[in-house]
Each structure stands twice: as C-alpha cells, then as structure tokens.
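The structure appears right after this line, and notes come after that.
The values are calculated or read from the model by the stated rules, or taken from the named source; none is laboratory data. Just so it is clear, the structure is predicted and the values come from calculations on it, not from any experiment. Note that we place each Cβ from the backbone using ideal geometry, even for glycine, and neighbour counts take in every protein chain shown. What goes into the accessible areas is simple: the full protein's heavy atoms, side chains included, and nothing from ligands, DNA or RNA. Shrake-Rupley method; radii C 1.70, N 1.55, O 1.52, S 1.80 Å.
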Amino acid sequence: MKLNENRTLYIYVLIYFGFLYIPVMFLPIFSFNQGIHMAFPLQGFSTEHYEDMWNSPKLFDALWNSIYVGVVSSLMATMLAFFAAKAFTKYKFRGQALSYGAILTPFLIPEIILAIALLVIWVSVGLPLGLTPIIIGHVLFCTPFCMIILIARMEGFDNNLEEASRDLGEGVFMTFWRVSFPILLPGLIAAFLLGFIISFDEFLLAMFLQGSDQTLPIYMWGQLRFARRLPHVLALGAVIIVATSLVVMLAYWLRNVGQPQEKQDLTFKI
Amino acid sequence: MSENFIDIRNISRHFGTVKAVDDVSFSIKQGEFFSLLGPSGCGKTTLLRLLAGFESANQGEIFIDGVDVTTMPPNLRPTNMVFQNYAIFPHINVKKNIEFGMRKEKLSKQELENRVQEVLSLVKLEGYEERFSNQLSGGQRQRIALARALIKRPKVLLLDEPLGALDKKLRDEMQIELRNLQKAVGITFVFVTHDQSESISMSDRVAVMNEGQIQQISDPHDLYYNPQNIFVSDFIGTTNFLSSSTGSSNGENIMVKIDQIGEFSIKNKLNIPENDNETVVSIRPEAIVLSPSPIDKGDIVMEGTIENSSYYGELTSFYVRVQGAENPLIASSQRFDNNSFEGNKCYLSINFEDINLLKKE
Amino acid sequence: MINWWNSLYSRSDNAKAYVLLSPALILVILGMAVPLLAVFSVSFTTQASFEIDYTPTFDRYIEFMDTSSRTGNVLTTLLGRSISISFLVAFFTLITTYPVAYYVAFYVKKNKMLWLVLMTLPFWTSYLLRVFAWKLILGHKGVINASLMTVGFIDEPLGFLMYSQTAVVITLAHAWAAFALLPLYVSLEKIDYSLIEASHDLGCTKFETFWRVVWPLSLPGVIGAVLIIFIPTVGDYVTPALVGGTEGRMLSNMIQTYFGRANNFPLGAASAVIMLISVALVTIAVNVVTKRLTQRL
C-alpha cells in the first residue's frame, strides 16, 4: 500500500535529479566543444580533445598505475572484507561492535587525516613514497565498503549449506570452493568492482603519498592548472564517467544476482 | 553389537550456562527408526548435531558401530543428515546435488549414474535431474535432500524435523513414505521432531527429552499407555491429571486415594512408595466411557454433568463436571450423541488398568 | 574439568571470529592506529629547518590556539570555517535530499531498484571530476554566468558564485548527496505504512502526521546522514582548493601546505589532531543531543 501521486513532490524530485545529474553532463558536452574555452555558447562539434587525449603518453602511464593500484588494493580489500564479513555474519562474539567500528573507521574519519598519518609513518620509517603506500591507504579505505556490501549479501547465506557439504564428506577448504565461493561469487565480484572504482577515483591519499608515479586523478589534478591542457582532461573525464557508470551498473546487477526479490537492496547500512 | 549400534555415553553440551544436553546416555539399535521428541529448546536438535559432528561435546563419548566418533569431524562420520530447511545447494542442479557427496568415492561414470537413478527412484523423483532448488516444491526438496544423503549409504541417517515445513496433508503422506523407505533401505534413522503424533506413528522407539535430559525411552505404545512421569504423560496426547495420595501396598498393587473420587487399589507400575501424598494419577480421555444411563461396566462409575463439548470430526471431547471435583474431566468419544449436550447428566466409567499412578515433580 | 571445557567452548566462537577478523584488524592497527599515534607524537615536536626537534612540547598547540599571532588567527579561523561549512553542507544536503528519499520510499511503486541506482550512481563517478564540473558551471565564464549574460539578465559575471563559501557548500552538497539519500531512504522505507494510516485515522492532518509520526521515526536516518556528511567534509581538500578561493579555504588546505611546501610537519600534525578532536566532540554532542530529543519524544 503506497500513497497516491503527489505532483509537487514529483516535480521537486525531478528538479533535484537535475541538480544531481546536469553538472556531470557538462563534462561530456564540453569535451566535444571546439577550442579551449569552456563556456557557452558552444563553438561547434569536434573530437580534437579526444585525439589530444589519445596522444598523451603520460596519461596512459597514469592510467596503468591507477589500474594496477585499483586491482591490487581492491583484491586485497575484498579478501579482507570477505573474512571479516564471514566473522560478523556467522558468529556472535565479544567485542563485535568494537571490531566493526574499528574496521569502518578509516572510511569514516576525514580522509586527509588518514593520508597524513600514512605519510608521517612512511617518511619516519624512511621508506620511499610511491604506489605501495597508496595501495595500503586504498586497502584501508576500500575494506569497509567491500565489507558492508558483502555483509548485506552474506546475511542471507544459509549456514546449513556449508554444514550439508561437510556432512556429505567435504573438508573446510573444499566446502568453501564447492559451496560458499560459487554462491557468493556475484557478491564478491560486485565488492571487487566497487572497491576498484573507489580506488581508481581516489585523489587525496594518492596526492600525499605519491612518489614519482602518478595515478590518473593526480595526473588530472596536475593538468587542471593549465588552461590549454584542460580540454583533454574533459575528454578523459567523459570517458571515465561513462566507463565508471557501466562498471557500477554491472556491480549493482551482480549484487542482486540470485537474490530473492524481497532481499534485493542497494542500500548500505553503516 | 547391533543392540548398541549407536552408543551415547554421558554426553553433555553446554552453551555458556545453558545445558542444552545434560549428561545423556542411551543406545540405538541397528536398523531402528528412532525418534528424539521434545518441545523446542529441549536439546533434541543439539543431540542430533552432536551425532552429526556439528557440535562438539563438553564431555562424554559417542560410538557408532563400535567406532569412537566423539571428536571426528562431520565429513568423516558415517552419518548423513537431512536438514530442517533441506539445504539444497542453490547453485547446482538436482543431479549435481545428489552427486555432491560422491566425489571421493571414485565411481565410474556409469556406476555413479546408476546410483543416482537408484536413489531418485527411491524418492520417486525420476526425471528431475536438471531442475534447480528454486524450481522444486517443499516436498520435492525434502525428497532430494533424502536422496542426496541416501546415495552415500550412511550407517545412520539423521533427520532434523524434515516434515516441519510441509502442509498437513503432505506431511501425513510423507510420514508413511519415510517409514516405508526406512524399512526398504534398512538404515538406522534418527529422527528429531516436536510433533508427538508424528513420532508415535513412525518410530520403533522414541526418546522424550526435556531440558537437556531424556525423560523416557520406549516404544510408542508404552510411551502412551505407560508414561514414566508427568512430563511424558502431559507431552504425549491429552490427559486428565488428578491429585492423589497412596496408602498401603501389597507389592503389585497399591491403595490410591484420588481426590474427590474415592480410594482404590491399582497396579503400582512405577514402584511409588507407600503413604506418599505427592502423587498424581493420569487418565486418558478415551479411557473414560460416557453413557446417558448408569452402566455396570467399568471399575469406577461416577455421575457427572456435561459442561462443554468440542467437536473435532472424528472425535468429540466432553468436559464433564463430577460432583465436588476441582476441574472438569475431559472424556473423548468417537460417537457424537445427540443426547450428550451441555447441561445433561451422564455417567462416566473408568477401569483401574487405565489409571496411571505417577510421582509429582 | 567440566568448567575448564566449558570456558574453552564458550570461547571457541570468539576465537573463530577473531581468526577471520585478524587480517582486517591487523591492517587497521598497523595502517591506521599506529600511524595516527605517530601523528600524535609528531604534533608535540618542533620543526627546525630541515630536521625535526623531538623534544616534547605543547608549543604547536599553543601556536594553533594563539589568536593574537597571525598563524593562530588563520588556523582557528580555518577550523571554525571548516566546521561551519560542514554543518551548512550537512544541513543543506539534509533538507534537499529528505523530500527525495521520502518520495522514493512512499510514492515510488514500480522500479524502486532503478530509482536507487539513479540516486547513488553519481556518487561513484570521480569526485575530482564532479567538483571540476561545478567549476565549469559556477566559473566567471561558466555556464550560469554565460547564460545569464547572453540573456541579458546581468552585465558582468556574478562574483559570489565562484571562489566563495557558497560555491564550496553547493559543490559539497552535490558531492555527498548519496550519503544522505541512502540512510534517509533506509529509515523512511522501514516505517510501517499502517502507522501513517493510523495517524490519519486518529484525526491528524497530513502535516501533523509527518511531524508527529514520520519525522520522529526517520530521526535515526537523519542523524546518520548529518554525521556521515559532516565528518568527512570537515577534512575536505579538493572542493575548497578548486572552487573555494581564499574566502572558501578550509583547514585541510592549510594542513596540506604544512606537509607540502611549508614543510612544517609538527604544526600540520597538531592541526590534524585538533581537527580529529573537534570532529569527535561534535559527533558526541550530536549523539547526546539526539538522545535527549528522542527521549522527550
């Protein structure tokens, strides 16, 4: 039972969605604009900025760095998050709320504090800055996210299935491989993809911890200062937005694969 | 050997301060259909999970077919389980579900196929090989769970309230089918249920549990007619409890004074001591015969007034007030007599052999 | 003997859980707790040209608090501004997203999933690009100014749009929208519709029903939304740096300078510690106030 139509509210919601989406739309729009001035009226259609982007070797270096950092940190975060989610969904134990809070903290505190904390420890230990500390920061930052996604997925997991497998003669490892893993695989992939997106887009940790290797957001940040270089960042931004949206939609779809209708959910409970 | 096929010795399982299973010992015979019966929280499921290996005992030992399995992990035990929710793997089809536990048996393709077909025909689900769990009804899932366990040819099949999720008609059918199946395969069944009529109709023997302890182990007939304590008497079927006190005894018989009814000499099956005020007699409703006029059958004949009646189709329960009694007696009769309406006088007759003398707890 | 077994087994679930949790907990301890302690200790030191003088001192905190000096004046102003901007953002986001969450929770009947995807999708696209998009819109030659001038509504660009606190608040409210929408939606969705019908049945008008039934029941979501926006935005760096200008600078920008060009780790660390403490205090205060309020309801 739901309320009937409310036209005023509906119009407001449409306006709000405009507020949410229109600003992002300007990036693709301007990326096809001729010339380097990002202002209306548009100067005419052109793909010159995309060609410009294609011919930036530094951009591709940064892209590979970002993909490397994203894959490694999200893979690690998904694994840590899976074990943690298993503990939270399967057992009741002392210090449960405290552990949950502790794992969530890196995501909840202001990011700059995490960034300088890692910077200070890294510099004082005397290790060179670069992709490694960035990866550690991203694992810290992505694990809470992946964990929330996996807990939502694993709350409905029937522990009897694991027991049934044990009962039918499989040990702990084969039970994981033949039962838990295939059933939870869509959720694990979703967690991995979303973790990857977070790491891929992350700027602040990367800015503080970067050595000579740039990630893509750092590269873009560097280009923003030069008006001439800006348009190809727009083109890059447009590509990133489209690609991210596709990956996120795939992840959303995977999150609900095989879930009964009433359990489908995209919300996060923190 | 076969008498003590499963031997449970002083088993306990505690959760914090809760004694789910408290120092329980008994044995189960080979090929027996054995039920664990009790209200929810009585420890019957924990006991079953101890047999399966999902719980580890705080103390005690379990032997199956002469082997100490107390600390053996579930995958190595010669037991298989039918779970309450059936736990059919949702990501693989029926055939793969049934074959799941056969990986280590290293059978040839043909042999495996034969075994699958054998159990599928046993549970009457030939042709369902390609279905998935979500394409099966509750009853079908239950059969698949059975087939998946039976293909392993376990020494013991453990069933955790497998009929609980089915509707009444299907449940009745499955009771008969399970019983027939057990006779056909000859495997020892340990069946957990909270439904007393289910356990009585299916089992060779029943263990009634309460608060982590076994109250009585006997065949269904004895359980019903010779309950050993108030809990069993009350849990199995319906009964009338009347306070009583014992007088002198001549060994086999004992004088019992039943409140407001009288003093009689009845069999003392449980060796209740003499001159004990803390006793109770239990009389089943169907042991009380009602008639509109005084009859000379029966050891005790009383006059009463029908206060109320409930019609259940095959049976009618009458609530009869006997002069001076605290509570009305429940008497059930198969025939619905037009004269037995509320307010009418009637006569009750009871035989001594239907009176069970029990100790108050 | 039995007691010994007992305690062993009651502990076994704990043990199993902590074995599973240990990788994540070790990461949090080594990757966050220890580094935070390092920041804390650095905040009690002194920067002496290129070296750090490790003699413990409260001077950095005094430096921060001393409003008579230029540094102290700037830092306290920036801290105050960070907190006030974050509150404004949280409040602005709350009032703009509440009706949306309300609509999706109570009026949307079909394709709820699609609406949820639409609500959260912008959150996943690069934060940097979203902030940058606002620069395109609010800039002096940006979309708004250019359109208004083309129409002839204004003669010269509206200065307050860009490089201002307004720009920071609007941009952050846009960037963090999903963090308000989700907790609000979750708490509203949970409300049993029959409660609303009961309220109408008992004679409440639509507005009274909202104020006396829906709003109090959605308070957990409201508090969740406010805190989850407030806490991270206090430390936001990108938005003030891109659209804030001097007027919109926040404490994070200063911290970044101390750890970068100014090379004053101790003062930067002290600023970070003060930021963290302020955030913790505000969080506790919000929780206490809400508890009081809900008790009265």
Fill in the blank from the handout: Under the rule rounded for a/c under 1.5, else prolate if a/b exceeds b/c, else oblate, using alpha carbon gyration tensor axes a ≥ b ≥ c, the protein assembly as shown is classed as prolate
Problem - Tensor-based shape of the stretch A:95-227 (alpha-carbon gyration tensor, a/c under 1.5 rounded, otherwise prolate or oblate) - result: prolate
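With all protein chains present and a 1.4 Å probe, how do C:Thr150, A:Thr78 order by accessible area, largest first?
Working: C:Thr150 105, A:Thr78 15 Å².
Putting C:Thr150, A:Thr78 in descending order of accessible area: C:Thr150, A:Thr78.
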Problem - Alpha-carbon centroid distance for the pair the stretch C:244-275 / the stretch C:39-104, whole angstrom - result: 8
Problem - For the stretch B:66-216, share of DSSP beta bridges that run antiparallel, in % to the nearest 5 - result: 25
Problem - In the A-C interface, the accessible area buried, summed over both sides, Å² (probe 1.4 Å) - result: 7900
Handout entry: Per residue accessible area of the stretch C:185-297, 1.4 Å probe, in Å²
Key = 46
Practice task
State to the nearest 20 debye the size of the charge dipole of the protein assembly as shown about its Cα centre, where the only charges are +1 on K and R beta carbons and -1 on D and E beta carbons.
Solution key: 2760
Exercise for the section: Using a 1.4 Å probe and ignoring any ligands, DNA or RNA, find the accessible area of B:Ser40 and quote it in Å² to the nearest 10. Expected result: 110
Problem - Given chain C, longest segment not containing exposed loop chymotrypsin sites (Phe, Trp or Tyr not before Pro) (DSSP; at most 14 other Cβ within 10 Å) - result: C:154-297
Fill in the blank from the handout: Of the listed pairs B:Lys29/B:Lys124; B:Lys19/B:Lys155; A:Lys90/B:Lys104; B:Lys169/B:Lys267; B:Lys29/B:Lys360, those with alpha carbons more than 30 Å apart are B:Lys169/B:Lys267; B:Lys29/B:Lys360
Practice task
Please say if the stretch C:150-297 is rounded, prolate or oblate, where rounded means a/c under 1.5 for a ≥ b ≥ c the square roots of the C-alpha gyration tensor eigenvalues, and otherwise the choice is prolate for a/b larger than b/c and oblate otherwise?
Solution key: oblate
Fill in the blank from the handout: Given the candidates C:Val100, C:Pro157, C:Ala180, the one whose Cα lies deepest towards the positive end of the charge dipole of chain C, counting +1 at each Lys or Arg C-beta and -1 at each Asp or Glu C-beta, is C:Val100
Completion exercise
With chain C reduced to its Cα atoms and the Debye formula applied, log10 I(q)/I(0) at q = 0.07, 0.10, 0.12 1/Å amounts to -0.41, -0.78, -1.01
Fill in the blank from the handout: Once all protein chains are kept in place, A:Trp64 shows an accessible area at probe 1.4 Å, nearest 10 Å², of 150
Handout entry: Shielding by partners - mean other protein chain Cβ count within 10 Å, residues of C:219-228
Key = 1
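In what sequence, largest accessible area first, do B:Ser249, B:Ser199 appear using a 1.4 Å probe?
B:Ser249, B:Ser199
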Problem - Per-residue average of Cβ from other chains inside 10 Å of A:176-188 - result: 2
Fill in the blank from the handout: Heavy-atom accessible area with a 1.4 angstrom probe orders C:Arg292, B:Arg103, most exposed first, as C:Arg292, B:Arg103
Fill in the blank from the handout: Rounded to the nearest 10 Å², the accessible area of B:Phe132 using a 1.4 Å probe with every protein chain kept is 80
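Over the stretch B:238-359, average the accessible area per residue using a 1.4 Å probe and give it in Å², no decimals.
Each residue of the stretch B:238-359 exposes 56 Å² on average to a 1.4 Å probe.
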Exercise for the section: Name the residue farthest towards the positive end of the dipole of chain B from the options B:Gly139, B:Asn10, B:Gln334, assuming +1 on Cβ of Lys and Arg, -1 on Cβ of Asp and Glu, about the Cα centre. Expected result: B:Gly139
Handout entry: Dipole magnitude (debye, nearest 20) for the stretch B:226-361, charges at Cβ of Lys, Arg, Asp, Glu
Key = 100
Exercise for the section: Enumerate the helices in chain C for which the Kyte-Doolittle hydropathy averages 1.0 or more and the C-alpha atoms extend at least 30 Å along the helix's axis, using complete DSSP H runs. Expected result: C:70-106, C:265-296
Fill in the blank from the handout: Taking Cα atoms only, helix A:181-201 is inclined relative to the longest principal axis of chain A by an angle, in degrees rounded to 10, of 30
Practice task
Run down the lysines and flag those whose C-alpha is under 27 Å from the C-alpha of A:Lys58, throwing out any fewer than 8 positions away in its chain.
Solution key: C:Lys135
Practice task
Pairs to check: B:Lys269/B:Lys297; C:Lys16/C:Lys291; B:Lys257/B:Lys297. Give those whose C-alpha atoms are more than 30 Å from each other in this structure.
Solution key: C:Lys16/C:Lys291
Exercise for the section: Compute the separation of the alpha-carbon centres of the stretch A:69-126 and the stretch C:210-237 and state it in Å as a whole number. Expected result: 24
Handout entry: Apportionment of accessible area to carbon and sulfur, the stretch B:8-73, percent (1.4 Å)
Key = 46
Handout entry: Kirkwood-Stokes translational diffusion coefficient of the stretch B:238-359, alpha-carbon pairs, 25 °C, 0.890 mPa s, µm²/s
Key = 165
